[in-house]
Amino acid sequence: MIDGSAVIAIASDHGGFEMKEFIKTKLEAAGYSTKDFGTNSDNSVDYPDMIHPLAEAINNGNFKIGIILCGSGNGAQMTANKYPGVRAGLCWNEEQATLTRRHNNANILSLPGRFVPFELAWKITLRFLTTDFEGGRHTIRVDKIAVNP
Ligand code: RB5
């Protein structure tokens, strides 16, 4: 369960812009604060330009939880997962959100802005924010994700 006082970092490219605005409005109505890393319109942009700053802020510990969006959710997820302190899970249904929190301790939710209805994206987001990491055997697995130098 993500503490309601947490500030949720959020970022998208043009492919996820409309959904980002929708999710931001829903989050704020539900009492969460948000920090928007852009983009600010549906003009074409390059997703790494918005996703890197958000992922860096999660990696540095400035934010605990983030939501990223692009058209497919893939480019955003790939970019974010370059950071050692980031575990970004791509989710297209609520069960995926449950699993990526419970089993992977995901700290970023990646949403496919062009492939799921907005109301479902909000349900996925709520599931992500209200599901806890299970720990136990999953801690061992998550600890093995990092590539050793
Ligand atoms: C933009 O057209 C699209 O490529 C982008 O939103 C994303 O899906 C990339 O992975």
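The values are calculated or read from the model by the stated rules, or taken from the named source; none is laboratory data. In this text, all values refer to a predicted model and were calculated from it rather than measured experimentally. When we count neighbours, we look across all protein chains shown, and the Cβ atoms used for this are built from the backbone with ideal geometry, even at glycine. Ligands, DNA and RNA are excluded from the accessible area calculation, which covers all protein heavy atoms including side chains. Shrake-Rupley method; radii C 1.70, N 1.55, O 1.52, S 1.80 Å.
Helix 47-59 and the longest principal axis of the C-alpha atoms of the chain enclose an angle of approximately 40°.
Note on Lys82: lysines with a C-alpha under 20 Å away, same-chain residues under 8 apart excluded, are Lys64, Lys144.
So for the chain, what are the equivalent ellipsoid semi-axes in whole Å, largest first, each being the square root of 5 times an eigenvalue of the Cα gyration tensor?
Values: eigenvalues 98, 60, 40 Å².
Output for the chain: semi-axes of 22, 17, 14 Å.
The aspartates and glutamates whose alpha-carbon is closer than 18 Å to the alpha-carbon of Lys35, local same-chain residues fewer than 8 away aside, are Asp3, Asp13, Glu18, Glu21, Asp49, Glu56.
For Lys24, the aspartates and glutamates whose Cα comes closer than 14 Å to its Cα, not counting residues fewer than 8 places off in the same chain, are Asp36, Glu119. Shown in residue order for the stretch 104-114 are the 3J(HN,Hα) couplings computed by the Karplus curve 6.51 cos²θ - 1.76 cosθ + 1.60 at θ = phi - 60°: 9, 6, 4, 10, 9, 9, 9, 10, x, x, 9 Hz (x for Gly and Pro). Build a GNM of the chain with springs between Cα atoms under 10 Å apart, and of His52, His103, His138 the one that fluctuates most is His138. Extension gain, Ser41-Glu134: 0.36 nm per intervening residue step, less the Cα-Cα distance, totals 29.7 nm.
Computed from phi, the 3J(HN,Hα) profile of the stretch 121-129 under the Karplus parametrisation 6.51, -1.76, 1.60 (θ = phi - 60°) reads 4, 5, 4, 4, 4, 4, 4, 4, 6 Hz, with x in place of Gly and Pro.
Seen against the Cα atoms of the chain and their longest principal axis, helix 14-29 is set at about 80 degrees.
What whole-number value in Å² describes the accessible area per residue of the chain for a 1.4 Å probe?
Numbers: 7550 Å² over 149 residues.
On a per-residue basis, 51 Å².
For the chain, a crude dipole built from +1 on the beta carbon of Lys and Arg and -1 on the beta carbon of Asp and Glu, taken about the Cα centre, is about 500 debye to the nearest 20.
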